[in-house]
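Trainee: First the structure, then my questions, so here it is.
The values are calculated or read from the model by the stated rules, or taken from the named source; none is laboratory data. Small disclaimer: the values here were computed from a predicted structure and weren't measured. Note: ideal-geometry Cβ built from the backbone for every residue, glycine included; neighbour counts use all protein chains shown. Calculation scope for accessible area: heavy atoms of the full protein, side chains included, ligands and nucleic acids excluded. Shrake-Rupley method; radii C 1.70, N 1.55, O 1.52, S 1.80 Å.
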Amino acid sequence: EQTDLESLVAGSVHNYFRYRELLNRRSLRQLLRVGWVSAVIGLSFLGACMLAAQKLAPHLPGGGRVIEEGLTIIGWVAMWRPIDIYLYGWWPLHRLGRYYHKLSRIPVTVRLPGTKETHS
């Protein structure tokens, strides 16, 4: 009876952490997909800002230096999210997934009150 309970509890613990690992892997893939889409949008916007800065600046008073700099900065700010995802955002999820993977394989021991501990 004790071994049935131990195997049931051990299986439940292992299944729970495998499930958490699977959910974590999905979250990581989704984050990387968001990073990719954000990078495409950000690069497109950056390119449009740089092009607009080059085209507008010569036609503005004083060479349009403020407008040129402003558009360049706005374009780079649009790149913040993909840069954040690919430099910093993914690795905490990756590390958590490794923990779940390890926890899904740990040995599980069930100790019931009033029973003697046995070692095998």
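Trainee: Restricting attention to the range 66-110, and to residues there that are within 26 Å of residue 17 (Cβ to Cβ) and of a type in the set (Val, Ile, Thr), which single residue is most open to solvent (accessible area, probe 1.4 Å)?
Mentor: 109
Trainee: Given the criterion at pLDDT 90 or above and either hydroxyl-bearing (Ser, Thr, Tyr) or more than 20 Å from the chain's Cα centre (by Cα) (or both), identify the matching residue among 105, 81.
Mentor: Just a single option satisfies the conditions, and that option is 105.
Trainee: For the range 28-42, state whether one or more residues are outside any helix (DSSP H, G or I) and over 30 Å from residue 106 (Cβ atoms).
Mentor: no
Trainee: Right, another one. Between a first residue in the range 39-64 that is touching a residue at least 40 places away in the same chain (Cβ under 8 Å) and a second residue that is assigned to a helix (DSSP H, G or I), which pairs have beta carbons less than 8 Å apart while being 6 or more apart in sequence or on different chains?
Mentor: Within 8 Å, the pairs are 39/82; 39/86; 42/80; 42/81; 42/82.
Trainee: Considering (1) touching a helix residue (DSSP H, G or I) at 6+ places or on another chain (Cβ under 9 Å); (2) on the phi < 0 side of the Ramachandran plot, say which one residue 10 fails and leave the rest.
Mentor: Tallying (1) touching a helix residue (DSSP H, G or I) at 6+ places or on another chain (Cβ under 9 Å); (2) on the phi < 0 side of the Ramachandran plot, residue 10 fails exactly one: (1).
Condition check ((1) open to solvent by 80 Å² or more (accessible area, probe 1.4 Å); (2) farther than 30 Å from residue 87 by Cα) across all residues:
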| residue | (1), (2) |
| --- | --- |
| 13 | no, yes |
| 18 | yes, no |
| 25 | yes, no |
| 31 | no, no |
| 39 | no, no |
| 64 | no, yes |
